[in-house]
Every structure is written in structure tokens, then in C-alpha cells.
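Comments concern the structure below.
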Amino acid sequence: MKLTDSLLPGVPLVESPLFDVEVERADLTVKEREIADALNRNGYAVIDFPDQELEVRIERIRERLTPLFAETGLSKEGVFYATGRIQDAWKNDPDVKAIAANSSVIDLLSRLYGRSAFPFQTLNFRVGTQQKLHTDAVHFSSIPPRFMCGVWLALEDISANAGPLHLVPGSHQWPLIDNAMTGRRGHGVAVESAQLPYQEVWDALIAAKGVSTSTFEAKKGQALIWCASLLHGGSPQIDPALSRWSQVTHYFFDDCIYYTPAFSDEYLGRLQLRDLVSVVDGARKPNSYLGEEIKPPATMVPQSENWTRKLMKWVKAS
Ligand SMILES: O=C(O)CCC(=O)C(=O)O
Ligand SMILES: [Fe+2]
């Protein structure tokens, strides 16, 4: 579907209030329609990862990354090693990159969202993260909002005791929480974790709504797409001896402003802009609004300068 076919091109197709009408005009197969319906209804959808070489890639990734989980800090290529996670291994691992840049996944996401998708970040895990339920939209968001998603891929069969991914179905329809709503300033403020100021709100929302989580006991090669504001996290790891190999790729979509809401005050025009490249070809992805490139004024510090400093501080503190 072309952008101009939609009455609301500034809303992802799968999150559109006009979804039922607009999905009919989208160029989707029966299977893809099921994925679109699941994303619209639940905020996530499970797919079989479309890669003939996946088995061998997984084998190579696990072999190469195993010793690297002992590292900490930022490599000169820009790979960031922290306890239990490797961020942006695509920069020096061809198989991590091939998974992130899989063209069938990019095409699928582009049709589901109504704009061209591009991967901008990878995360590799060897064990469960036990991360509290959170939305990614406080870390990475877009203007217009919701043009971001994650694809989580199981690099082994994941048992209930290994701390599988869990999610709150339907929570993508809850309001996007921003700094204005929580009554705090974000721009230029130093916090240890972008998630911290919001965690209390999410926990309270989950308790107030009385919702339960759904757990993804994935088979190797299964992947889960989640919407920008879906609450998700790592469930408790019951057996500490178990691994939980997985790769997450985060995607944005073309012609958006890409920024970090946790460190922004949107209504004052103070955005912590991101300075992105596509994982596919390393091409710069300029911040863009209705086709116009947006250059940051002096008050908007691009993420790359500030972020490295924050990351290094965080590594030292942890
Ligand atoms: O794998 C997990 O447990 C959660 C990962 C996650 O939250 C993310 O990559 O955004
Ligand atoms: Fe996340």
C-alpha cells in the first residue's frame, strides 16, 4: 500500500484506528493478514523466521559470541558489550547482520506498517534478561509515533524455566507514557536507566488493569514481532543453568524523526535526536518529517555524542 492510499499515513497500518478498512486495501497474503490482525489486536505476532540458512547462522553466532559475553565496554567498531548482552554485534558479525537485514522480514514489516522499514540496532543474549515489563517506546520513538518495532528471534528452543520472553497482550493500546505525563523533565537530565522513571507507572498500570502476561516458549527459529508500545520483558529465570539464546532487532520506518523520549521534552521542542544508520547498508537515515530532512538545532544533541558517554558511565557503575 502506498502512503497516499491511506487517510492516516502518519499512523502505522497495524495500529490504525481505521485498521479494519485499511487492511483490506493492503497487499497482504492470507498468512500476512493473520499477522496484521494479531499485531492490531494483541500488539505482537509470531512468525517462522524466513531464512534458509538460519540453522548454520545460529550455530556460527553461538560459537563466535560465546567468549564475547565476558567482555564489557564499547569496541572501536561500535559494538557494546554489557553483562549478558551484546549490542550491535551486526557491526562485526555477518550472521547477526544477515538476520537483522533479512529482506523478507523488512518487506513484511514495510507492508504491515505502510512505510519502508529499516533495522537500526541488534541485541544478542545468551541467557534470559529477566528485564521488567517495559515498552521500547521510551528508548526509541518516532514522530509520528509508533513507527518502531522489535523482532525477537529464538536461537534455540526456549523452555519455561529459562526465563522466556513475556508480554502483556493488548498493552500496545494503552497510552504512550511520556515525560510530560509523569511530570518530569527529560532533556539533558542524567538518569541511570531510561526505563527507571516509567517503571513505577507501568507496574501500577498492570496492577490496576489486572492483566496477565503471556509467555513465549519459542522454538528455535520462531520470531515474535512486537509493537513499539507493547509491554514486554524477560520472565524470571527459574533454572540458572539454562541458556536462552536470542537476538532482537529493532526497526524504524522511513520519513520519521527518530529520538529518545526518556531524554526529551517533546512539547518544548527539545528532542534527543538519534543519528542512525541502516544495518542493511550502513547508509545514514536522516531525521525526516513529511519528506523534509530535519537538522538538529543546537539544543538537540544527536544521540551518538551523548549516548556513548552515558553508556560508558553506566558500564562503570554496573
Ligand atoms: O529478551 C528479552 O528478555 C527482552 C528484550 C527487550 O526488551 C528488547 O530487546 O527490547
Ligand atoms: Fe524491550
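Each value in this text was obtained by applying a stated rule to the coordinates, not by laboratory testing. Note that the coordinates shown come from a computational prediction; the quantities given were computed from them, not determined experimentally. Every residue, glycine among them, receives a Cβ derived from its backbone with ideal geometry; neighbour counts consider all protein chains shown.
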Using beta carbons and a limit of 6 Å, which pairs, at least six apart or on different chains, have the first residue in the stretch 59-79 and in contact (Cβ under 8 Å) with a residue 40 or more places away in the chain and under 16 Å from R244 (Cα atoms) and the second one among the charged types (D, E, K, R) and surrounded by 12 or more Cβ atoms within 10 Å (Cβ to Cβ)?
I61/D95; F69/R126
Quick one: in the stretch 106-153, of everything that is basic (K, R) and farther than 25 Å from R270 by Cα, which residue is farthest from ligand 2 (Cβ to nearest atom)?
R111
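Would you pick out the residues in the stretch 223-259 that are more than 14 Å from ligand 1 (Cβ to nearest atom) and either in contact with a helix residue (DSSP H, G or I) (Cβ under 7 Å, 6 or more places away or on another chain) or outside any loop (DSSP other than H, G, I, E, B) (or both)? Can you show your working first?
Step one: list which residues in the stretch 223-259 are more than 14 Å from ligand 1 (Cβ to nearest atom), which gives 238-241, 253-259.
Answer for the stretch 223-259, where residues must be more than 14 Å from ligand 1 (Cβ to nearest atom) and either in contact with a helix residue (DSSP H, G or I) (Cβ under 7 Å, 6 or more places away or on another chain) or outside any loop (DSSP other than H, G, I, E, B) (or both): I238, D239, F253, I257, Y258, Y259.
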Looking only at the stretch 157-190, and only at residues there that are charged (D, E, K, R) and more than 29 Å from P240 (Cα to Cα), the one that is surrounded by the most Cβ atoms within 10 Å (Cβ to Cβ):
D178
Test V191 against the stated conditions and say whether it is more than 13 Å from ligand 1 (Cβ to nearest atom) and of a type in the set (A, V, I, L, M, F, W, C).
yes
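One line per residue, one yes/no per condition, for (1) surrounded by fewer than 20 Cβ atoms within 10 Å (Cβ to Cβ); (2) in a helix (DSSP H, G or I):
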site	(1), (2)
L8	yes, no
V23	yes, yes
K31	yes, yes
D37	yes, yes
V46	yes, no
P50	yes, no
I61	no, yes
I86	no, no
V96	no, yes
Among (1) touching a residue at least 12 places away in the same chain (Cβ under 8 Å); (2) closer than 27 Å to T122 by Cα; (3) not β-branched (V, I, T), where does A26 come up short?
(2)
Among (1) more than 30 Å from V23 (Cα to Cα); (2) more than 10 Å from ligand 1 (Cβ to nearest atom), which single condition is L123 missing?
(2)
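Does A82 satisfy the criteria of being out of contact with any strand residue (DSSP E or B) (no Cβ under 6 Å at 6 or more places or on another chain), farther than 21 Å from L123 by Cα and touching a residue at least 60 places away in the same chain (Cβ under 8 Å)?
So A82 fails the test.
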In the stretch 135-156, is there at least one residue being part of a loop (DSSP other than H, G, I, E, B), more than 10 Å from ligand 1 (Cβ to nearest atom), closer than 30 Å to A241 by Cα and touching a residue at least 12 places away in the same chain (Cβ under 8 Å)?
yes
